[in-house]
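Below you'll find the structure, written out as structure tokens, and then a few comments.
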Amino acid sequence: MMNNLIIGPIIIPVIIGLVLVVFKNNLGLHRYLSLFATVLIGLLAVLLLKQISTGGIQVLYLGGWEAPFGITLAADTFAVLLVLTTAIVTFCCLWYAFSSIGAEREQHYFYPLCLFLIAGVNGSFLTGDIFNLFVCFEVMLVASYVLISLGGTRMQLIESIKYVLINMISSFLFLVAVAYLYAITGTLNLAHLSIRVAQSGQDGLLTVVSLLFLIVFSLKAALFLFYWLPGSYSAPPTAIAAIFAALLTKVGVYAMVRLFSLVFYHDPGTTHLFIGALAAASMVLGALGAVAYDDIKKIITYNVVISIGFVLAGFASFSLVGIRGMVYYLLHDMIVKALLFLSAGTVIHLTGTAKIRKVSGLIRLHPQLGWMFFIAALSVSGIPPLSGFIGKVFVTAGVFHSAYYWLGGIGLFTSLMVLYSVMKIFMNVFWGHTNLTAETEKGTTQGLLPPIVALTALTIALGLGAEGIHSFVDLAVDGLLNPNLYIDAVLAQNVK
Amino acid sequence: MKRPNDVILRTVTKVAAVIILTFSIHLFISGHHFPGGGFIGGLTFTAAITLLFLVYGIDTIRKNVSADFKAVAAIGVLISALTGVGGMMAGKPFLYQSSGSVNLPFLGDTILATAVLFDVGVALAVIGTALTIITSIGDDR
């Protein structure tokens, strides 16, 4: 089905961002137009979901150049669910930025940069062409390079050098891998690649190339190769860190899932087992980090690593139940990581320190913040009835179903570590004798709480109302397990 | 400090800048069928402006060209993006381009293409970006 709506989530943030660059002194316009852009993307995503559930996967051939020759955009349920969640999370983070990011950063194009970042993220979700995927990654990364160093504090500059270097290297490897793949198969269109790889039976050479892609996406998604992440994600201001934690690693996960479910799915004994091993390693190492530190930022950034491991454990099982759990958990994780980063960031904003031993009894001064942090902590660790639970159940069931008992065991054990690490923050910071007064606080919660309330409500709603999105999740899982649905939608009959 | 004698450079620049600017427009227009186009045209245009910066100083030139180069770049990309949207308005795919021949006065039978508008956007984006880079490196004292 030809559908021009698919370009919307990519072109809307670009156009609005550019308009904001032209009117760079009108900060009110910046705030409200950028919120408006995310709302518009969210509405488009809902519309697309409706169209996909009735008319199948939607496709757009840019400029009328049909696949496999031109650039194709393909919107299946999995991609559009992620676009929708991206819009919701960005809305909340931008809203939080209104009263926290500061006029200095706002004047230096904070909102346009966020919109360009979203354009890159949405482009990565929606593209049906592997080179275009690379381009969209770059759009996202260039925006993130600026965002991570925006403001130019010493900490940010140190971390941005590491961040830029590691991403340069992984982008270089990405390009090399794309070149290898093009040399072997002669095509860049994902659907066409799927056919060509299936025809050749994915021999050893193609498996090696697939592992090169795996390394690239592991660097981007912080799967096992996550050593840059805890530093980079704790340097920028809260709103930016929350956007990064909620979205950027997920794009790497998405790319990995797309590639290893649509193209390289013939040798799961090698590739998917390898993903499972990396997932186990990042869960264990992430859990060690989360338990070891007593710095709020470090604890929550290591939690990002654990959840990436958990999501990909579900994917590695490559079973119906495991992938269903992965989709649920991915959607949950985007929302709850934004919630966790925003609420923890608010604590740091109030107390002026990230050390959990230096603060106590904050709940007397800020009961709402305390309880919302508590809900976030429970949701992150997958306590029912919050949104993490359903994904965790399905992922664990799927992993055991595929007889990866060690992986399931590690998943469950690290869940306990997650619970311990976030409860450690809660008990130290919010319980005990109140050592701050309203006068000695470093900041106020004015304007910061509404976005946190919205995200908390969302994680509760997603937990209680998991049944409501069940049909969409099942469609997404169906699309991931049946590459033919994607291929039939993208390619005309005569190409196959 | 004694100022270097750059009378030859100044005199040559006055002529050369005009030639380079004209050539950049030529490159831009020929890009539809031959090597050239918005990117190269824009870069050549930037080269002329850069030469003027070097010879007469950034401040002198900025007095005459007061446009915000960042805004120029943004408007350029905006034009390109909107030509893509134009295709959608006509019920065609995003970025769809069309062309047709029109009988213009003086020029006669001329082929006009919407791709030129896209290229105008590219040229403006290149000019804006390159000049932003040059001024932000050059301005820093």
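The values are calculated or read from the model by the stated rules, or taken from the named source; none is laboratory data. Treat the numbers as computed from the prediction; the structure is a model and nothing was measured. No Cβ is skipped: glycine too gets one built from the backbone with ideal geometry, and neighbour counts run over all protein chains shown. In case anyone asks, the SASA skips ligands and DNA or RNA and just uses the protein heavy atoms, side chains included. Shrake-Rupley method; radii C 1.70, N 1.55, O 1.52, S 1.80 Å.
Grab the helices (runs of 4 or more DSSP H) fully contained in the stretch A:159-250, keeping just those with 3 or more residues being open to solvent by 20 Å² or more (accessible area, probe 1.4 Å).
On the way: elements: A:190-200, A:204-221, A:229-234, A:238-243.
Helices (runs of 4 or more DSSP H) meeting the threshold: A:190-200, A:204-221.
Could you tell me whether any residue of the stretch A:47-60 is within 20 Å of A:ILE487 (Cα to Cα), among the aliphatic types (A, V, I, L, M), modelled with pLDDT under 95 and open to solvent by 40 Å² or more (accessible area, probe 1.4 Å)?
no
Considering the stretch B:74-98 alone, what residues qualify as being more than 9 Å from chain A (Cβ to nearest Cβ) and either in contact with a strand residue (DSSP E or B) (Cβ under 9 Å, 6 or more places away or on another chain) or on the phi > 0 side of the Ramachandran plot (or both)?
B:SER98
Those residues that are under 13 Å from A:LEU133 (Cα atoms) and small (Gly, Ala, Ser), I need them from the stretch A:169-187; list them, please. Give the steps one after another, and end with the answer.
The initial filter retains those residues of the stretch A:169-187 that are under 13 Å from A:LEU133 (Cα atoms), namely A:171, A:174-175, A:177-178.
Matches in the stretch A:169-187: A:SER171, A:ALA177.
What tally of residues in the stretch A:340-368 results from selecting those that are part of a helix (DSSP H, G or I) and open to solvent by 20 Å² or more (accessible area, probe 1.4 Å)?
9
One residue is enough: does the stretch B:99-120 have a residue meeting the conditions within 12 Å of another protein chain (Cβ to nearest Cβ) and open to solvent by 40 Å² or more (accessible area, probe 1.4 Å)?
yes
Consider only pairs whose beta carbons are under 7 Å apart and that are at least six residues apart or on different chains; among these, list those whose first residue lies in the stretch A:225-249 and is free of Cβ contacts under 8 Å to residues at least 24 places away in the same chain and whose second residue is of a type outside the set (Asp, Glu).
Cβ pairs passing all conditions: A:LEU225/A:SER218; A:LEU225/A:LEU219.
Conditions: (1) more than 14 Å from every other protein chain (Cβ to nearest Cβ); (2) out of contact with any helix residue (DSSP H, G or I) (no Cβ under 6 Å at 6 or more places or on another chain). B:GLY38 meets all but one. Number of the miss?
(2)
Take the conditions crowded, with 24+ Cβ neighbours inside 10 Å and either at pLDDT 95 or above or of a type outside the set (Val, Ile, Thr) (or both) and apply them to A:ASP333. Does it pass? Steps first, please.
Working: crowded, with 24+ Cβ neighbours inside 10 Å: yes; either at pLDDT 95 or above or of a type outside the set (Val, Ile, Thr) (or both): yes.
Yes: the conditions hold for A:ASP333.
Looking at the stretch A:8-34, which of its residues are farther than 13 Å from B:LEU78 by Cα, facing another protein chain (nearest Cβ under 10 Å) and in contact (Cβ under 8 Å) with a residue 60 or more places away in the chain?
Result: A:ILE10, A:LYS24.
In the stretch B:121-141, what residues are within 16 Å of B:ALA74 (Cβ to Cβ), surrounded by 12 or more Cβ atoms within 10 Å (Cβ to Cβ) and not aliphatic (A, V, I, L, M)?
B:GLY121, B:GLY128, B:THR129, B:THR132, B:THR135
Just one of (1) assigned to a helix (DSSP H, G or I); (2) open to solvent by 10 Å² or more (accessible area, probe 1.4 Å) trips up A:MET140, so point out which.
A:MET140 satisfies all of (1) assigned to a helix (DSSP H, G or I); (2) open to solvent by 10 Å² or more (accessible area, probe 1.4 Å) except (2).
Being out of contact with any Leu (no Cβ under 9 Å at 6 or more places or on another chain) and surrounded by 20 or more Cβ atoms within 10 Å (Cβ to Cβ) is the filter here; which residues of the stretch A:406-425 pass it?
A:LEU407, A:GLY408, A:ILE410, A:GLY411, A:THR414, A:SER415, A:VAL418, A:SER421, A:ILE425, listed by residue number.
Taking the conditions exactly as written (in contact with a strand residue (DSSP E or B) (Cβ under 7 Å, 6 or more places away or on another chain) and assigned to a helix (DSSP H, G or I)), does A:ALA489 satisfy them or not?
The answer is yes for A:ALA489.
Pick from A:ALA67, A:ALA97, A:ALA37, A:ALA87: which is away from chain B (no Cβ under 14 Å), buried (at least 22 other Cβ atoms within 10 Å of the Cβ), touching a Gly at 6+ places or on another chain (Cβ under 9 Å) and not basic (Lys, Arg)?
Just a single option satisfies the conditions, and that option is A:ALA87.
Give the stretch A:282-293 a look and list any residue that's open to solvent by 50 Å² or more (accessible area, probe 1.4 Å) and not aliphatic (A, V, I, L, M), or say none.
A:TYR293
Could you please find all residues in the stretch B:63-81 being surrounded by 14 or more Cβ atoms within 10 Å (Cβ to Cβ) and without any contact (Cβ under 8 Å) to a residue 12 or more places away in the chain?
Matches in the stretch B:63-81: B:ASP68 only.
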